[in-house]
Amino acid sequence: MTLHDRRRATLLSGISLLACLACAQAFAQTAVPDVNVSAPQQAASSPTSGAAAPASGGGANRSTPVGSRSDQPATVYQVDEGGIDIASGGGGANTLRSVANLPGVNAPAIDPYSLANLPGGSKGLRIRGMVSQHGDSLSTVDGIPLAGINPGLGNTWLINNENLSRATLAQGPVPSSVNSYFTAAGVIDSQILWPKDKMGAEASQSFGSYGFLRSFGRVDSGYILNNTTKFFVSGSWTDADKWRGYGQSPNDMGNFAAGVETHPIDSLDIKAFVGHANYQADTYAGLTYAQARDLSNYRTYDFWPVLLNPATSLVKWQGYNEQSFNNWTTFAEINYHITGDTILTLKPYFLSENGYYLDGMATGMVRKWLINHDYYGGIAELKTRYADTSFTFGYWGGVGELPGPPSAWQMYAPNAAGGLTFKSWGILADATTPNIYQAAYAMADRRFDALRVQAGFRYLWTTMPGINEMNTAGVGNVDYNTALALSSVPIWKQSVNSFTVGTALPFLALSYDLTKDLQLRASGGVNSDAPGYDVWPTYQQNAAAFLAKGLTANMLWSQIRPATCDAVDLGFSYKFATPLGAASLEPTFFYARNYNQNVAYDPGIGTAYSQNVANSRTLGGQGLIRLQPREDLSLFAALSYQSMVFVSDLPALPGASAATIAATRVNGMQMPDVPPWVATLGGEWRYNSHLSITPIVNLVSQVFGDTAHTQPIPGYGTVDLKISWRQPLPVGEVEASLMATNLFNQAYIGQISSGYYQSTSASGIYYPGAPRAVVAKLDWKM
């Protein structure tokens, strides 16, 4: 995008904002509630049920920068719109970063606005040391699992923050009614801000460091058609330069969303949503460990900005390291009130993703990873009440297409002119059956005076896809479907059969009110974790090495089995008075035993590949602390300690070398990239209902980048600061804000792109944390 184009876009954004202000007289004026960090939010009836906050626009909910604890017996936190915006650095959209400031969460940003995407499944989020290995497969939207086993974007940047009422994070034992692909690392549920009861509008314009520009607008119809229907329409445009290297991330990202809510008859409620995101970006380069140790020279190191001499490694050029995606989704929630206490809910959904990654490889080739797949399915739930007990019975069925694992890699040779010369298909796979997830579950919830009991059972069964690896001899540079048509018979030793595995996931949670200010909590259950899907692409790239050991692809594929986590949480909530003011303390102590974890290592083949063979133990504690010395001042702290260690060695093949066997001796070792300590500290000061100042300090302790603990990465601390001024207008209200992230420009390594096992290597898995950035925003609402 040229400078002229960007100036023109900025001018158009400003004109749009002024136009919205000018036409505001056409809308009914509604009050915007004041913001007060100390005011806790009311929790939804279920931690990830998709129930949104009141949409009338005039409720008493107030913003909390760090989040709050729900009233659930299980460990569930929630973050409102203000907290989501601060956690994502003002970038406007990022599902995984929305909960970054909550206890137990480590989600370092590799760019100032949380808008950069790393290729593949690792997105850098860890919760109590557990990692999301398949994109945002631990996230839901209004309780719907949209993303699937996704190496692309999924729904991460699909829905703007302004279209969310809040986000919830379930940790530890996850309730049986939560329909996420995986639950061991927790579940993030983004809850839609559905159409408001009264006609209204919002328009905002943001300007920031590194060329950041963002425009957003939303219009709510209010109730129409005899007070039976309301809808909203919104759109945004976002653009930013990379803070290191060359290029943009994102480049002209456009988002569109619309939602409708209608009540055609008293017993029927229908909600429907459609969203679209167009994402293009230049990818950030990872650093080797040697470079990560020398940030004074390599902090801003990235892919080369210009195409150099052909004798050099052209794959390091930024033009060979980029990504492009076109994602859209639609889903609905249909509630039929059979009786006053019995409701049947249906939630059909569909998500489509079409795009690619372009990656320069260490081999000197450039890989184009084609990603074109759909996820669809539905949830059916029956909720009723009998004998003073609330019951939920449900079923979820979801279908996902490849990739996940990859289905199409095209390999190119770079040339001096900046073009690519097609060489071969690295992978050309044809799925004989899709990846199918199904779950049947039941939950009961009852209160016995001061005691509340939740109990549930979930049975999850997964049909792993059958995949044929096709012979690509003579198949040229054509599209994926044409390549399949031109390919000859499958390569049977590199193909795999479909099979189904099941897992039982029980759940129990208790809370007991000792007094009105002291509540005890306990929960236990079994969670699910990720299978080793990545064994598929590794085998295709190293088939000769595996076959030399007598191993076909199907032999390894059939060894995939469910990964589970037995989890227990114990905690309490205590509100009390101190000489410094009202305070609350909400600690939680947790233990988890993890079975069949997915680790990528070499048992004696000569190459590392994913296997569900690791066993580990997680132990720790976390807490949310609040103190309000005075009415206009609130202080808060989110603290966590976690230890996650292997409890057994990894298996090795007969005849493995001494070095290979030594690398499998991991019993008692802390897993890589698991910081023992993580803390978020801060406060909020308000003056005269107009001015608010919110500083936030993030502290992360030392980690190791590898399993052998030979690559220590120092801990770090960053400071963020947000200053806001809210001013009522004759029509609506305007908020002017200034946010600075990493205020003191701390140089540090944030994300380490590794799983539960990482061998000592020189690969680029270290990513410098985002530098200081400042963003100014003008936001008008009515």
When the Debye formula is applied to the Cα atoms of the stretch 484-565, each taken as the same point scatterer, what base-10 log of I(q)/I(0) results at q = 0.14, 0.15, 0.23 Å⁻¹? -0.66, -0.71, -1.09
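Using DSSP to call loops (not H, G, I, E or B), can you name the chymotrypsin sites (Phe, Trp or Tyr not before Pro) in the stretch 659-747 whose Cβ has at most 10 other Cβ atoms within 10 angstrom? Could the numbers behind the result be given before it?
Values: sites: TRP677, TRP685, TYR687, PHE704, TYR716, TRP725, PHE744; in loops: PHE744.
Of the chymotrypsin sites (Phe, Trp or Tyr not before Pro), the ones in loops of the stretch 659-747 whose Cβ has at most 10 other Cβ atoms within 10 Å are PHE744.
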Please compute the contact order of the chain in relative form: average sequence separation of alpha-carbon pairs under 8 Å and at least six residues apart, divided by the residue count, as a percent. 11
Carbon and sulfur together cover what percent of the accessible area of the stretch 507-547 at a 1.4 Å probe radius? 61
Positive end of the dipole of the chain, charges at C-beta (+1 Lys, Arg; -1 Asp, Glu), about the Cα centre: which of ALA530, ALA429, ALA638 has its Cα farthest in that direction? ALA638
What label, among [x] 101, 73, 49; [y] 72, 65, 55; [z] 103, 70, 55, belongs to Cα extents along the principal axes in Å computed from the structure on display? [y]
Using the Kirkwood radius over Cα pairs of the stretch 656-769, the Stokes-Einstein translational diffusion coefficient at 10 °C and 1.306 mPa s, in µm²/s and rounded to a whole number, is 91
Per residue of the stretch 615-629, in order, report the coupling 6.51 cos²θ - 1.76 cosθ + 1.60 (Karplus, θ = phi - 60°) as ³J(HN,Hα) in whole Hz, putting x for Gly and Pro. 10, 8, 10, 10, 9, x, x, 8, x, 10, 10, 10, 9, 10, x
Candidate lysines for bridging to LYS722, where Cα separation is under 16 Å - those fewer than 8 sequence places away on the same chain excluded: LYS777
To the nearest 20 debye, the stretch 402-517 has a Cα-centred charge dipole, built from +1 on Lys and Arg Cβ and -1 on Asp and Glu Cβ, of 140
Which three extents, in whole angstrom, do the alpha-carbon atoms of the stretch 59-110 cover along their principal axes, largest first? 34, 27, 14
With n ≥ 4 as the cut-off for DSSP H runs, can you work out [θ] at 222 nm for the chain, using -39500 (n - 2.57) per run divided by the number of residues, rounded to the nearest 500? -2000 deg cm²/dmol
Using the basic label-point model (7 angstrom from Cα toward the beta carbon), what is the ALA473 to ALA416 distance in nanometres? 3.5
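Could you tell me what % of all Cα pairs in the stretch 150-282 have separations over 17 Å? Could the numbers behind the result be given before it?
Values: 6014 of 8778 pairs.
In whole percent, the long-distance tail amounts to 69.
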List the residues whose amide H sits under 5 Å from the amide H of ALA614, counting only those 5 or more places along or on another chain, with H placed 1.01 Å from N in the peptide plane. ASN596, GLN597, VAL599
Applying the Karplus parametrisation 6.51 cos²θ - 1.76 cosθ + 1.60 with θ = phi - 60° to the phi angles of the stretch 524-539, what ³J(HN,Hα) value in whole Hz is obtained for each residue in order, glycine and proline being reported as x? x, x, 10, 10, 9, 9, 7, x, x, 4, 6, 5, 4, x, 5, 5
Spin-label model distance (nm) - ASP566 vs TYR480, 7 Å beyond Cα toward Cβ: 4.1
Just to confirm my numbers, what's the Cα centroid distance between the stretch 690-710 and the stretch 720-770 in Å? 11
For the stretch 199-272, the Rg and Dmax computed from alpha carbons only, in angstrom: 17.9, 58
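Report the per residue volume, in Å³, of the convex hull enclosing the C-alpha atoms of the stretch 612-661.
Values: hull volume 5.3 nm³, N = 50.
Per-residue hull volume (Cα only) is 106 Å³.
Quick one: net charge of ASP673's neighbours, Cβ under 14 Å, K/R +1, D/E -1?
Details: positive: LYS123, ARG126, ARG128; negative: ASP706.
Overall, the nearby charge balance is +2.
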One finds the C-alpha centres of the stretch 187-209 and the stretch 462-523 to be spaced, in Å, by 33
Would you give the gap between the C-alpha center of the stretch 346-364 and the C-alpha center of the stretch 642-660, rounded to a whole Å? 33
Under the Karplus relation 6.51 cos²θ - 1.76 cosθ + 1.60, θ = phi - 60°, what is the ordered set of whole-Hz ³J(HN,Hα) values for the stretch 447-457, x standing for Gly and Pro? 10, 10, 6, 7, 9, 10, 10, 10, 9, x, 9
Residues with amide H under 5 Å of TRP317's amide H, sequence separation 5 or more or different chain, H placed in the peptide plane at 1.01 Å from N; which? TRP304
Report, in degrees rounded to the nearest 10, the 0 to 90 angle that the Cα long axis of helix 3-22 makes with the longest principal axis of the chain. 20
Name the long-range amide H neighbours of ILE371: under 5 Å, sequence gap of 5 or more, or other chain; modelled H, no Pro or chain starts. GLY355, TYR356, TYR357
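Report Rg(Cα)/(2.2 N^0.38 Å) for the stretch 321-374, keeping two decimals.
Details: Rg = 20.5 Å, N = 54, 2.2 N^0.38 = 10.0 Å.
This ratio for the stretch 321-374 stands at 2.05.
What's the FRET efficiency of LYS423 with ALA444 using the Cβ-Cβ distance as r and R₀ = 56 Å, to the nearest 0.05?
Numbers: r = 59 Å, r/R0 = 1.06.
Efficiency, rounded to the nearest 0.05: 0.40.
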Contour excess over end-to-end distance, with Cα ends at THR342 and ILE625 and 0.36 nm allotted per residue: 98.0 nm
The Rg/Rh figure for the stretch 106-214, Cα atoms and Kirkwood Rh, to two decimals is 1.00
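The values are calculated or read from the model by the stated rules, or taken from the named source; none is laboratory data. Since the structure is predicted, the reported quantities are computational estimates derived from the model, not experimental observations. So basically every Cβ, Gly included, is an ideal-geometry build from the backbone, and we count neighbours across all protein chains shown. These accessible areas exclude ligands, DNA and RNA; they are computed on the full protein's heavy atoms, side chains included. Shrake-Rupley method; radii C 1.70, N 1.55, O 1.52, S 1.80 Å.
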